[in-house]
Amino acid sequence: MTPETQIKVPEDYKKKLPRDVAIALETCVRCGLCTESCHYYKSNPKSDFIPAYRAEVFRRILRKKDYSEKSLGAMSDIAFSNCTLCRRCVMTCPLGVDTGLLMREARGLAVASGTAPEILVQLADTAISRGEDIEIFREMFLENIKALEEEVRQLTGDPQAVIPVDKKGADILFVALSGAHSIIPPSILFHYAKANWTLSFFEASNYGVLIGDKDRAKRIVQRIVDEAKRLGVKEIVVGECGHAYNTLRWEAPKWFDGGFPFRVRSIIEVMAHLIQEGRLPLDKSANPEPVIYHDACNLTRNGGLLEEPRIVLRAAVKDYREMSPNRDDSYCCGGGGGIIAVPEWDSKRMEAGKPKAEQIKATGAKVVIVACDNCRIQINDLNEHYKLGINIGGITETVVKAILKAVKGS
Amino acid sequence: MAEEIKANVTLNLEGLMCPMPVVRISKAIKDVVVGEVIEATATDPGVLIDIPAWARTTGNEVIKIEREGKIVHFFVRRLK
Ligand code: SF4
Ligand code: SF4
């Protein structure tokens, strides 16, 4: 295959574009107001990093029907490695052009044409595989949860503490990520909140969404929806994962006729609610150092959780501070959209994370709380790369420290 | 006595969070030839499921995977 070889993609690709994508494609007036909003451009002001430039590359391919290996390869590289789908630029565009949405659509075209990064497609397929034949993995999963349950018992000092799995009639289906850090703190939280809950067999993250492939994305969500329906839960609570929350809360209900027969909340909302009702014993002295919160794009700007994390942290730590800018104006950490899973782009990812590193440094805080695993990996790496000298923790873990201090004195 | 598995490459994935263990294995498998074996240790217990699911997706073989306290120890053979 030469760079000029035409790749077979559906001829009517442009006609099939969803209406919001088609509108975003046609609306840009090239005013350039979005330029400074992008963290890539802020750390390296070159024209490749102007949001409207990225969209223009995609637009040109569709307009000219230029599906050559060279053009699609270049587009794929831009969509996957030069944009984290953070949507900060959307907030500054007077016409509301959604460059993040366009880049996700470009990713979908890259997947359809075989020019997307293989590892990201593999991660989506791995999640689908886990849902296709649960029985193969069930024993391993249960054995793992038993071991984690032992840790929960030790930490709470309660031999009756459990991590329920497959519990019919539970109110909450909690969907975690796969690591112990994503399962143990919420289990302790639910234990002290006396919640009627059960742990999902599936992980929350959805690489189908990140690669812009709605079919794969829906199949990954379907596993969780089927489980929630089978168990008859009243709500799904999503662990500390930005894109998983945004997907399950805002996007996925539109993919299913009639939406979901249960509500979806983030664990941050659950904690804020419990705190506002006075149902959590908390001792702030468990978290004495200055703390800042990183607004993950998919939780705050795209997910709408602006105040909930602040309600939680002000109740659980002694010295809460803000980064500037914050909330829906916060800079992306540079690790979103799946870029952390492609080692070839590590140096680009570190460069794009510079505005976030500078924001963190300016506060003088010693602890950064991150409620998204993707951002957590990135901020860990930024810590090393920019020698920030910070500790990084999860929000549930921080609350659980305050609970254990209040209940057990340690 | 259980037969000892001979590894061609050894990886330490301890301390890495999901999806990084899968990312590293996926990269390392390209650097061994078909039939060769990668041995790895990880601390993220999610690999107990993620690695077999990834192997199923990519057509490779998990020869053995087990928990040894907080460490997960596994062997993967490249099949294609
Ligand atoms: S979505 Fe974020 S990364 Fe992408 S162009 Fe806009 S500001 Fe830049
Ligand atoms: S601000 Fe909006 S209209 Fe102006 S160049 Fe950027 S995307 Fe186009």
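Scanning segment A:251-283 for residues that are part of a loop (DSSP other than H, G, I, E, B) and of a type in the set (A, V, I, L, M) returns A:Leu280, A:Leu282.
Each row is one residue, and each column tells you yes or no for (1) under 21 Å from A:Ala341 (Cα atoms); (2) surrounded by 15 or more Cβ atoms within 10 Å (Cβ to Cβ); (3) not charged (D, E, K, R).
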residue	(1), (2), (3)
B:Met20	yes, yes, yes
B:Lys30	yes, no, no
B:Ala40	yes, yes, yes
B:Pro45	yes, yes, yes
B:Ile49	yes, yes, yes
B:Ala55	yes, yes, yes
B:Gly59	yes, no, yes
B:Val76	yes, yes, yes
B:Lys80	no, no, no
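Just one residue in the set A:Arg104, A:Arg138 is surrounded by fewer than 15 Cβ atoms within 10 Å (Cβ to Cβ) and either of a type outside the set (S, T, N, Q) or away from ligand 1 (no atom under 16 Å from the Cβ) (or both); that residue is A:Arg138.
Output the residues belonging to segment A:26-40 that are within 27 Å of the chain's Cα centre (by Cα), free of Cβ contacts under 8 Å to residues at least 60 places away in the same chain and either near ligand 1 (Cβ under 7 Å from one of its atoms) or farther than 24 Å from A:Pro325 by Cα (or both). Within segment A:26-40, A:Ser37, A:Cys38 qualify.
I need a count of the residues in segment A:198-212 that are more than 10 Å from every other protein chain (Cβ to nearest Cβ), over 12 Å from the mean Cα position of the chain (by Cα) and either within 22 Å of A:Pro117 (Cα to Cα) or of a type in the set (S, T, N, Q) (or both).
5
The C-beta contact set for segment A:91-102 (first residue under 21 Å from A:His243 (Cβ atoms), second residue of a type in the set (S, T, N, Q) and within 9 Å of ligand 1 (Cβ to nearest atom), distance under 9 angstrom, 6+ apart or interchain) comprises A:Met91/A:Ser37; A:Gly100/A:Thr84.
Could you look through segment A:27-60, keep only residues that are within 20 Å of A:Gly212 (Cα to Cα) and not hydrophobic (A, V, I, L, M, F, W, C), and pick out the one that is nearest to ligand 2 (Cβ to nearest atom)? I'd like the intermediate steps shown before the answer.
Narrowing segment A:27-60 to residues within 20 Å of A:Gly212 (Cα to Cα): A:51-60.
Within this subset, residues satisfying the condition of being not hydrophobic (A, V, I, L, M, F, W, C) are A:51, A:53-54, A:56, A:59-60.
Values: A:Pro51: 6, A:Tyr53: 9, A:Arg54: 10, A:Glu56: 9, A:Arg59: 11, A:Arg60: 14 Å.
Ranking the candidates gives A:Pro51 first.
Of the residues in segment A:63-81, not one is in a loop (DSSP other than H, G, I, E, B) and either within 14 Å of chain B (Cβ to nearest Cβ) or within 15 Å of ligand 2 (Cβ to nearest atom) (or both). Looking for something buried (at least 17 other Cβ atoms within 10 Å of the Cβ) and not in a loop (DSSP other than H, G, I, E, B) - is there at least one such residue anywhere in segment A:329-338? Checking segment A:329-338: not a single residue is buried (at least 17 other Cβ atoms within 10 Å of the Cβ) and not in a loop (DSSP other than H, G, I, E, B). In segment A:82-112, the qualifying residues are those that are of a type in the set (S, T, N, Q) and more than 14 Å from ligand 2 (Cβ to nearest atom), and the one that is farthest from the other protein chains (Cβ to nearest Cβ) is A:Asn82.
Evaluating B:Trp54 against the criteria (1) in a helix (DSSP H, G or I); (2) in contact (Cβ under 8 Å) with a residue 60 or more places away in the chain leaves one unmet condition, (2).
The numbers here are math on the coordinates, done by the rules we state, and not lab data. Since the model is a prediction, treat every value here as computed from it, not as a measurement. Quick reminder, even Gly has a Cβ in these numbers, built from the backbone with ideal geometry, and neighbours come from all protein chains shown.
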